[in-house]
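Notes follow once the structure below has been shown.
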Amino acid sequence: MSPKPGNESATLPPLAGRSGRWYSLRLEYDSSRTRSPWWTPILSVVLALLLCAVFIAANGMSPLVVYEKMFRGAFGTSYGFTETMVKAIPLLLCGLGIAVAYRISVWNIGAEGQLTVGAMAATAVTIYFPGLSSFWSITLMLVFGTAAGALWGLMTAVPRTHFGVNELITSLMLNYVALLALDYVVFGPWKDPKGFNFPGSPMFTAAQSLPVLGSTRLHIGLVFGLVAVLIYYLMIRFTRWGYELRLIGANPTAARYAGIHIKKHIIIVMLISGGLAGIAGMAEVSGVTHKLMQGISPGYGYTAIIVAWLAKLNPLGLIVTSILFGGLIVGGYSVQTIGLPSSISEMLQGAILFFLIAGDMIHRFRIRRSA
Amino acid sequence: MDFTTQLLIAAISAGTPLLLATLGGILTERAGIIQLGAEGLMLMGAVTTCIVYIRSGNLILALLSAVAITALLGMVHSFLCVTLRANQTMSGLAMTLFGSGLSAYVGKSISGIPLPGSLPKLDLAVLKPVPVLGELFGRLDMLTWFSLLLVLVLHLLIHHTSWGLHLRAVGDNPATADVMGIRVQLIRYCYVTAGAALIGLAGADMVLAYAPTWNEGLTAGLGWIAVGLVIFARWNPLRALFCAYFFGALDSLGFRIQLLGSAVPSYFLKMIPYVVTILVLMYLGYRNRNKPSGTPESLGTPYIREQRF
């Protein structure tokens, strides 16, 4: 029996949708929430591990075994840990450079090339000024390496400021140019005549090598990195230049009206960015490989982009993330012993970046009831 | 065959993957979304083609799966950039990193194995007697024909249909488009996905027509050159054709100079495409400094509809 007309409101629930039922919930973008929370980096690492576990499992391996192997390889032994630190040095230096440039939205992805030319310039010192004392050869290598990296950065900055060319493309093209130049010198003019036809420069002498800690491979480049981080922090925090940089980063239009010369700042940050990567390259040849050879960088310049992003450009965060990613690279090598390619670590890096940028944005959405 | 015909053929075969990737980039960016993941998408397209082709022996299936996988990645990119309004530059970089890592990982097992076949060619008996063209057209494969057709179709689509008008509106002024009743987000999703699939097809073409075996990092920056070509071509499919073939010619010219026994080390010849990309972009930037560059006006800015409470 149907209820009498006019009696529905007493027996049926009120009309849904307009009056705040659960299905009238909706996502709403809150543009005031620009500060990203501290937990997105951690969450993105966890989610990336989960995603890549799917690919590893699909390949017939147990993700747990693989990850455990990676972790042990990177942090489990004292040898592994110093290796991780050795890898963290170029990541810290390049990541710092990228962070400086990113402060004012200059997208330097050319750290790989800047590192390579830094390594080449440092090697040039050993080849053209062979008999210098330890102090002078190291100093000269450092100066040449920094200058070469800075010059490579300048070659990205000037097309941007004076010709309006997107720095992403320029810096990346220059990476390929630098790697080809490296191939040229190690196969050509700088090839070691006593090297059994192996492509590479002659071994550096002890005077041309950076001091190391005890019997490990951990070299003084770590100090360069830490000092650079300290200077970065002090500069950004307490100098006029740092203030201007923060202002441009926060609001470029306002900065321009305030009379800040943005083009000049772009050139300065690219010089610093390239110079730091150049130091990283110098430290690699002089502290780790002790000669110039092909594949001097296993993609440090690209990994450093994620290092800088994951650290949210924070100096202390940079130290933590570069150690984490140094571990990821070493862990990537250690899975090769169980027959897996080391590209596993690159895949993880890409996935971390995906989740990081997604997490930073998801946090800006709020669940709201429509009125 | 004379030198010119040889160079033309080489330019077209090296230019086709560039053309496909550039067209994919144009579609994506016309909708207002920056696509910097081209390198990773091409690698994923290439590795998928190789794996499926080697395992199944079916060319069509291989091409379809390459398109499907990269379209899926394109959807991830659109989800991040359109729905979540994430940083488009970083999303593209993540795509490139993830794509090169994943392709190296899954491609390890088939690395160096030659593909079971290559792309079928169209036999045009009618054109055979024509001096240069006959030789040329007889050598074009299926994907090259497809890319040529696509140039025409996209040109007509973008400039002469109402769909194209909607696309341009979404890329130039999404707010107005929204007011006009155009579904901005849906259109962006569609074109970003389609663009990514085309870039994936470019990767497939690289392995099928150019280097018939998978190697880690096989694209060697070609995806990035395609990102540059999108700017050269000023987001215009017809110009993309000429730009891509110009670069194809440059690429093979270096190789040919090497074959002729030039004294210049091959490393410097290999630098030509990269250096020329920078120089041409600088020239275009200088020439167009006071003119509109043809950039979709809202490229890179996520669209946020005014909120209603």
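The values are calculated or read from the model by the stated rules, or taken from the named source; none is laboratory data. Source: prediction; values computed, not measured. Reconstructed Cβ throughout: ideal geometry from the backbone, glycine too, with neighbour counts over all protein chains shown. Note: accessible area is taken over every heavy atom of the protein model, side chains too, but ligands, DNA and RNA are not part of it. Shrake-Rupley method; radii C 1.70, N 1.55, O 1.52, S 1.80 Å.
Extension gain for residue B:61-residue B:146 works out to 28.9 nm (0.36 nm per residue, less the C-alpha to C-alpha distance). The largest-to-smallest principal axis extents of the Cα set in the protein assembly as shown are 106, 75, 58 Å.
In terms of solvent-accessible area of protein heavy atoms at a 1.4 angstrom probe, what is the ranking of B:252, A:32, A:133, highest value first? Each step should come with its number before you reach the end.
Working: B:252 10, A:32 90, A:133 60 Å².
Output order, biggest surface exposure first: A:32, A:133, B:252.
Placing a pseudo-label 7 Å from each Cα along the Cα-to-Cβ vector at residue B:183 and residue B:301 gives an inter-label distance of 2.5 nm. Quick one: angle between helix B:222-232 and the longest Cα principal axis of chain B, in degrees between 0 and 90, rounded to 10, please. Helix B:222-232 and the main axis of chain B meet at about 60 degrees.
Classify the stretch B:8-148 from the C-alpha gyration tensor, please: rounded if a/c falls under 1.5, else prolate or oblate depending on whether a/b exceeds b/c. List each step's numbers first, then the result.
Working: a/c = 2.69, a/b = 1.54, b/c = 1.74.
Verdict is oblate for the stretch B:8-148.
Net charge of the neighbourhood of residue A:334, taken over other residues with C-beta under 14 Å away and scored Lys/Arg +1, Asp/Glu -1, is +1. The helix-based estimate of mean residue ellipticity at 222 nm for chain A, built from -39,500 (n - 2.57) per DSSP H run of four or more residues and divided by its residue count, is -21000 deg cm²/dmol to the nearest 500.
Considering only alpha-carbon pairs that sit under 8 angstrom and 6 or more positions apart, the relative contact order computed for chain A is 36 percent. Counting only heavy atoms of the protein chains and using a 1.4 Å probe, residue B:287 has close to 90 Å² of accessible surface.
If you run the Gaussian network model on chain A, springs between alpha carbon atoms under 10 Å, then out of A:98, A:260, A:272 the most flexible one is A:260.
Below 12 angstrom from the Cβ of residue B:169, what's the summed charge of the other residues (Lys, Arg +1; Asp, Glu -1)?
Values: positive: B:30, B:168, B:183, B:188; negative: B:172, B:178, B:297.
My count for the surroundings of residue B:169 gives +1.
Mean-square fluctuations from a GNM of chain B, with a 10 angstrom spring cutoff on Cα atoms, peak among B:184, B:264, B:47 at B:264.
Against the longest alpha carbon principal axis of chain B, how many degrees, from 0 to 90 and to the nearest 10, is the axis of helix B:3-30 turned? On a 0 to 90 degree scale, this one is about 20. Tell me which lysines have Cα within less than 21 Å of residue A:194's Cα, excluding those fewer than 8 residues away on the same chain? In chain and number order, the partners are A:291.
Between residue A:240 and residue B:289, the FRET efficiency estimated from the beta carbon spacing at R0 = 30 angstrom works out to 0.45. Only helices enter the 222 nm calculation for chain B: every DSSP H run of n ≥ 4 contributes -39,500 (n - 2.57), and dividing by all residues gives -22500 deg cm²/dmol, rounded to 500. Principal-axis analysis of the Cα atoms of chain B puts helix B:162-172 at an angle of about 70° to the longest axis.
One Cα centroid belongs to the stretch B:200-244, the other to the stretch A:108-149; the line between them spans 35 Å.
Relative to the 2.2 N^0.38 Å rule of thumb, chain B has a C-alpha radius of gyration ratio of 1.01. Using R0 = 22 Å, the C-beta based FRET efficiency linking residue B:238 and residue B:7 works out to 0.50.
Membrane-span-like helices of chain A, defined as complete DSSP H segments with a Cα extent of 24 Å or more along the helix axis and a mean Kyte hydropathy of at least -0.5, are identified as A:40-58, A:78-103, A:111-128, A:134-163, A:167-187, A:221-238, A:262-283, A:315-334, A:343-362. Cross-link partners of residue B:270 among lysines, defined as those whose alpha carbon lies under 21 angstrom from its own and excluding same-chain residues fewer than eight positions apart: A:191.
Based on the Cβ-Cβ distance of residue B:258 and residue B:216, what FRET efficiency does E = 1/(1 + (r/R0)^6) give at R0 = 30 Å, to the nearest 0.05? With a Förster radius of 30 Å, E is 0.80.
What residue among A:337, A:321, A:289 shows peak mean-square fluctuation when chain A is described by a Gaussian network model with Cα springs under 10 Å? For chain A, modelled as a Gaussian network with Cα springs under 10 Å, the answer is A:337.
What does the charge add up to near residue B:154, with Lys and Arg as +1, Asp and Glu as -1, over the other residues with Cβ less than 15 Å from its Cβ? Neighbourhood net charge equals +3.
Model label sites at residue A:50 and residue A:191, defined 7 Å from Cα along the beta-carbon direction, differ in position by 5.2 nm. In terms of overall dimensions, the stretch B:150-309 has a Cα radius of gyration and Dmax of 19.3, 72 angstrom. If a spin label sat at a point 7 angstrom from the Cα of residue A:78 along the line to its beta carbon, no backbone N atom of the stretch A:255-295 would be nearer than 12 Å.
Given contacts defined as C-alpha pairs under 8 Å and at least six residues apart, what's the relative contact order of the stretch A:209-268, whole-number percent? Don't skip to the answer; put the middle values down first.
Working: 28 pairs, mean separation 8.6, N = 60.
Relative contact order, the stretch A:209-268: 14 percent.
Placing A:333, B:105 in order of accessible area, with the largest value first and a 1.4 Å probe, yields A:333, B:105.
Overall form of the stretch A:252-371: oblate. Here a/c, set by the Cα gyration tensor axes a ≥ b ≥ c, is 1.5 or more, and a/b is not larger than b/c.
Placing dummy labels 7 Å off each Cα toward the beta-carbon, the span from residue A:206 to residue B:109 is 5.2 nm. Oblate is the label for the stretch A:182-273. Its Cα gyration tensor axes, ordered a ≥ b ≥ c, give a/c of at least 1.5 and b/c at or above a/b. The dipole here belongs to the protein assembly as shown: it is taken about the Cα centre, uses +1 on the Cβ of Lys and Arg and -1 on the Cβ of Asp and Glu, and is about 1720 debye.
Taking all protein chains as they are arranged and a probe of 1.4 Å, the heavy atoms of residue A:253 leave approximately 70 Å² accessible to solvent. Of B:190, A:52, the residue with the largest accessible area leads and the full order is B:190, A:52 (1.4 Å probe). Mean sequence separation of contacting Cα pairs (under 8 Å, at least six apart), scaled by the length of the stretch A:258-371, corresponds to a relative contact order of 14 percent.
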